[in-house]
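Written out below as C-alpha cells is the structure these notes cover.
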Amino acid sequence: MTATGMNEPKRMHPHKFTLWVAMGSICMMFAGLTSAYVVRRNQANWLEFALPKIFWYSTFVIILSSITIHLSVKAFKARLMPRYRSLITITACLGLLFAALQALGYKELVDQGVHVLWQGSNPSASFLFVIAGVHVLHVLGGVIAILVIFIRAYSSKTKNYSSVPVELVAIYWHFVDILWIYLFIFFTWIG
Amino acid sequence: MSNEAVLHAHSGVASSHDAGGHHEHHHHETFITKYVFSQDHKMIAKQFLITGMVWAVLGGLMSVLFRLQLGYPDSTFPWLEDILGKWAKGGRITPEAYYALVTTHGTVLVFFVLTAGLSGTFANFLIPLQVGARDMASPFLNMLSYWFFFSASVVMLSSLFVETGPFSGGWTAYPPLSALHDASPGSKTGMDLWIISMALFVVSSLLGGLNYIVTILNMRTKGMSMTRLPLTIWALFFTAVLGVLSFPVLLSGFILLIFDRNFGTSFYLSDIFVNGVGALPNEGGSAILFQHLFWFLGHPEVYIILLPAMGMVSEILSVNSRKPIFGYMAMVGSLFAIAILAFLVWAHHMFVTGLNPFLGSIFVLLTLLIAVPSAIKVFNWLTTLWRGNVRFTPGMMFAIGFVSLFISGGLTGIWLGNSALDVHLHDTMFVVAHFHIVMGVASMFGMFAGIYHWYPKMFGRYLNNTLAYIHFWITMAGAYLIFWPMHYEGLAGMPRRYYSYEQWESFKNFGDLNRFISTVAMIVFAAQILFLLNFFYSIWKGRKVTNQNPWGSNTLEWTAPIRPGHGNWPGEIPEVHRWAYDYGKDGKEFIPQTTPVGADESHH
C-alpha cells in the first residue's frame, strides 16, 4: 500500500493549505450571493441600469495592485528589502484606492437616481451594493494583512527570512483580485 | 517530521519542543493559558464539550417547558410564573413564550449542541490524536474558533433576557418574520441578537472546519495514508468539508437578511401589510430566495450533525466487536456519496412552497438516492456486529442504539422524500418525529457513545458504568416512547408548531397521547441529569485509568500517555504501519497501527 504520508519533502505548507481551503469557502459565499442574484433577476420587477464607468477604473487599479504584490514577493525572495517595502506600500495604497473608487461608484449610481438602500431601492441595485460591498471588505482585510507584514518589514528587532507570510498575503491578494474580475464580468455582461 | 519542521519555523506553538523528546515540562503554563485561552486541541475539545453540555441542558429544559404546554394545555403551574415571569402569566406559558422556546430549542440544539458540541468536541480531540499530529495546523485559529463559539453563546443567551423576548420565528428564521421588526415581539431585539450570534457561530465553524481539513490532509504522521485513517477521521473530514462549503452560503443569506432588516432593502420582502403598521414600501423581494439560501446550508447541516456520529459509531462498533469494520472502503465511499448528495437535495424542504413539480421530482430522486449510501452503512454496521465478540460497554450500547435509531428514523425519511406524500406530511408531527429520531436523538447517541468511549482518554478516569447503563436504557426507551407516537399524530394530520390543539375537534383525541409524550420527555430529561452527575463527578473522583489502552484499541490516541501533555506524545510521533482495524487477525486479539507488519502475517 502506498502511503501518501511518506517521502514528502514538497508537501504544501499547512498555512498555505489553510488559505486555499478558506478561499474555497469564500468562493462559496459569493457563489451563493451571485446565484441569488440570478434567481431574483428572473423574477418580476427587476431594475436594469448600466454599471458606472468608474468600476472600470477600479478594475484597472486592482489588477495593477496584483502586479505590484507579485513583484514585491519576487523582491522579498531576492532580499531586495527597500524595493519590497515600497512595493507592498504601493499595493496597500492601491487597495485603499480601489475601495475609494468602489464607494464613488455607488455615489454615482445614487446620483443617477438608482437607490441602493431604503425606500425606492430595487433589489438589482441593492445586490450590486451588497455583493461588491462584501468584496471590498475582503480587500480591506487584505490591506490589514499587508499592514501586518509591513510592520514586520520595518521592525528592526526581528529579521525574518521565511517568505511564507508574504506569499500568503500575495495569494490572498490575487484571490480578491480574481474575485473582483469575476464579479465585474458578472455584473457587466452576465448579470 | 517535515510538517513540524515547517511549522516550527515561525509558529513555535505546536511544536517548539519536540527536538529533545521531553514534552511534559517545557514552557510555563498559567491557569489562563492552560484552561482559558488554551491552544491545546485537547483542552479546546473539552471547552467545546462542556459549553455544548450547558447548551444541551438549557435546550433540553426548553423542550420540557413547551412539552408541558402541549401535554397539559389546560393546567396551570404557578412555579412557571416564578421562573419565567411575564412569559408564563398565571402559570401558563404564553403563546409568544411558546414560540420563543421552540425557536431557541431548535437553534441551540442544531447549532450549539450538535454542531459545536459534537463535531467541535470530537474533531478537536480526535483528529490530531488519531492522525498522529502534535496539534492542529493552526492552534491559534483553533482557539479563536472556540472563542467565537463562546461569544455566539453569550449573545444567544443574552437574547433570552431582553424585554421583547428571544427570536420566535422558528430556527429557520424565514422572512418576513425574521426581517420585519414589527412582525412579532421576538422579531425586534431578539432577532438582532439571534443573527449576530449566528454570524459569530458561522465564523467559529469556518475557522474550526479549515483547521480540521488541513490537519487531516496535511499533518498525518509517517505511514498514515488516507486509507489507513480510522473512519472517525474520514467522517470528521467530510463533516468539515460540508461545513466549509455550506456555512458561507448561509452567511450570504444572513447578510441579505441584515440589509432587509436594517437598511430598507427588499431582497426577501414584497407587498407586505403589517397589522398596526400598514403597508410596507418594500417591493420586488422573494421570501423563497431565503429558503433556497437557508436550505443550501440547512440540508448539509443535517449531515454535519450526523456524520461525526456515524464515524465514531463505526469505530466503537469495530473496537467492541473485536472485529475489523466490515467494508472499510464502502464506508468511506458512502460517506463521500452522502457528502455529495447533501448539496443536491435542499429543495426537498421546499416541496410545498410552489416549487415547480418537475424540479420537485428531480429532488425526490436525489433525496431517495441517499437511501443507498445510508443502507450500505447500516448493512456494514450490522455485519460488523455479526458474530463479533461483542463487549457491551456503555459506549458500545449507545453505538448500537445509534444504529437502531438511524434505521427507524431513516425509513421515515423515504416517506418524506416523496413530494406527493410530503404534501400531506409537511409541517405535521410526522416531520418532527422523523428528524428528531434520525438526526437529533441518533446524533446525541453518537455523542454519548463518543463521550463514554473516549472519556478515559480525555480525563484519565472512567465514568461509572451502572449510572451509564441506567442512562442508556432510559434514554433509549424514552426516545422511542416520545417520538414513535408522534408519527401517528402526524399521519392523522396534526400540525407541528401549534400552541394548543384544544380548540380543534380533529386533534382533541390526541390529548392523552400528548400528555404521555410530555411525561416521558420529563423522565428522559431527568435521566440526562444523571449523566451530568456522572460526568462531572468522574472528572475528579472517577476510577483512575491505569491501562494506556483500556479498550484494546488499535488507533493512535491510545499510544499516547494516559494524560497526554500539549504535543500529545513525549518524544517521536509514532509511525503507522497498518490500517486501524486489525482485530482478531492471525489469532491476535488486536494489533495496534504502530506495530510493523510481520513477515508471517497474512494479507492485510
**Asked** Taking 0.36 nm per intervening residue step and subtracting the Cα-Cα distance, what contour gain separates residue B:379 from residue B:358 on full extension?
**Response** 4.3 nm
**Prompt:** So for region A:50-190, taking the charge dipole from beta-carbon charges (+1 Lys/Arg, -1 Asp/Glu), which of A:88, A:127, A:51 sits furthest toward the positive end?
**Reply:** A:88
**Prompt:** Can you put B:221, A:59 in order, fewest other beta carbons within 10 Å first?
**Reply:** A:59, B:221
**Message:** Can you tell me the orientation of helix B:189-218 relative to chain B, as the angle in degrees between its alpha-carbon axis and the longest Cα principal axis, to the nearest 10?
**Reply:** 20 degrees
**Complete:** Packing-ranked peptide list from B:375-388, B:438-451, highest mean Cβ count within 10 angstrom first, is B:438-451, B:375-388
**Prompt:** Contour minus end-to-end for residue A:31 and residue A:50, with contour as 0.36 nm per residue of separation and end-to-end as the Cα-Cα distance?
**Reply:** 4.6 nm
**Complete:** Under the 7 Å Cα-to-Cβ spin-label approximation, residue B:74 and residue B:404 lie apart by a distance in nanometres of 3.7 nm
**Prompt:** Spin-label point model (7 Å from Cα, Cβ direction): what's the residue B:586 to residue A:64 distance in nm?
**Reply:** 6.9 nm
**Asked** Any idea what the dipole of the protein assembly as shown comes to, in debye rounded to 20, about its Cα centre with Lys/Arg Cβ at +1 and Asp/Glu Cβ at -1?
**Response** 1860 debye
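Express the relative contact order of region A:50-190 as a whole percentage, based on alpha carbon pairs under 8 Å and six or more residues apart in sequence.
With pairs under 8 Å counted, the relative contact order is 32 percent.
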**Complete:** Gyration tensor on Cα atoms of chain B, a ≥ b ≥ c root eigenvalues, a/c under 1.5 rounded, else prolate if a/b beats b/c, else oblate, says prolate
**Asked** How much length is gained if the chain between residue B:533 and residue B:473 is pulled fully straight, taking 0.36 nm per residue apart and subtracting their Cα-Cα distance, in nm to one decimal?
**Response** 19.9 nm
**Asked** According to a simple spin-label model (label point 7 Å from Cα along Cα-to-Cβ), what is the distance in nm between residue B:503 and residue B:227?
**Response** 6.5 nm
**Asked** Roughly how tilted is helix B:95-107, in degrees to the nearest 10 and between 0 and 90, from the longest Cα axis of chain B?
**Response** 20 degrees
**Complete:** Given unit charges at Cβ for Lys, Arg (+) and Asp, Glu (-), the dipole magnitude of chain B about its Cα centre in debye, nearest 20, is 1300 debye
**Asked** Can you pick out the pairs among B:323/B:585; B:457/B:544; B:89/B:508; B:46/B:323 whose Cα atoms lie more than 20 Å from each other?
**Response** B:89/B:508; B:46/B:323
**Request:** Any chance you could give the angle, 0 to 90 degrees and rounded to 10, that helix A:81-111 forms with the longest Cα principal axis of chain A?
**Result:** 10 degrees
**Item:** Cα point-scatterer Debye curve for region B:205-244, base-10 log of I(q)/I(0) at q = 0.19 Å⁻¹
**Value:** -0.50
**Prompt:** Can you give the average number of partner chain beta-carbon atoms within 10 Å of each beta-carbon in peptide A:38-51, as a whole number?
**Reply:** 2
**Request:** Would you be so kind as to identify which of A:166, B:517, B:282 lies farthest towards the positive end of the dipole of the protein assembly as shown, taking Lys and Arg as +1 and Asp and Glu as -1 on Cβ and the Cα centre as origin?
**Result:** A:166
**Request:** Kindly put A:129, A:187 in sequence by how many other C-beta atoms sit within 10 Å of each C-beta, fewest to most.
**Result:** A:187, A:129
**Item:** Residue among A:151, A:88, A:62 with the largest mean-square fluctuation in a Gaussian network model of chain A, springs linking Cα atoms under 10 Å
**Value:** A:151
**FRET efficiency, 1/(1 + (r/R0)^6) with R0 56 Å, evaluated for residue B:273 and residue B:392 via beta carbons** = 0.40
**Cβ neighbours within 10 Å from other chains - mean over B:218-225** = 5
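I'm checking a number: the convex hull volume of the Cα atoms of region A:50-190, normalised per residue, in Å³. What is it?
96 Å³
Would you list A:118, A:180 from fewest to most Cβ contacts within 10 Å?
A:118, A:180
Read-outs: derived from the displayed coordinates by stated rules, not from any lab. Quick caveat, the model's predicted, so the values are computed rather than measured. Cβ atoms come from the backbone with ideal geometry, glycine included; neighbour counts cover every protein chain shown.
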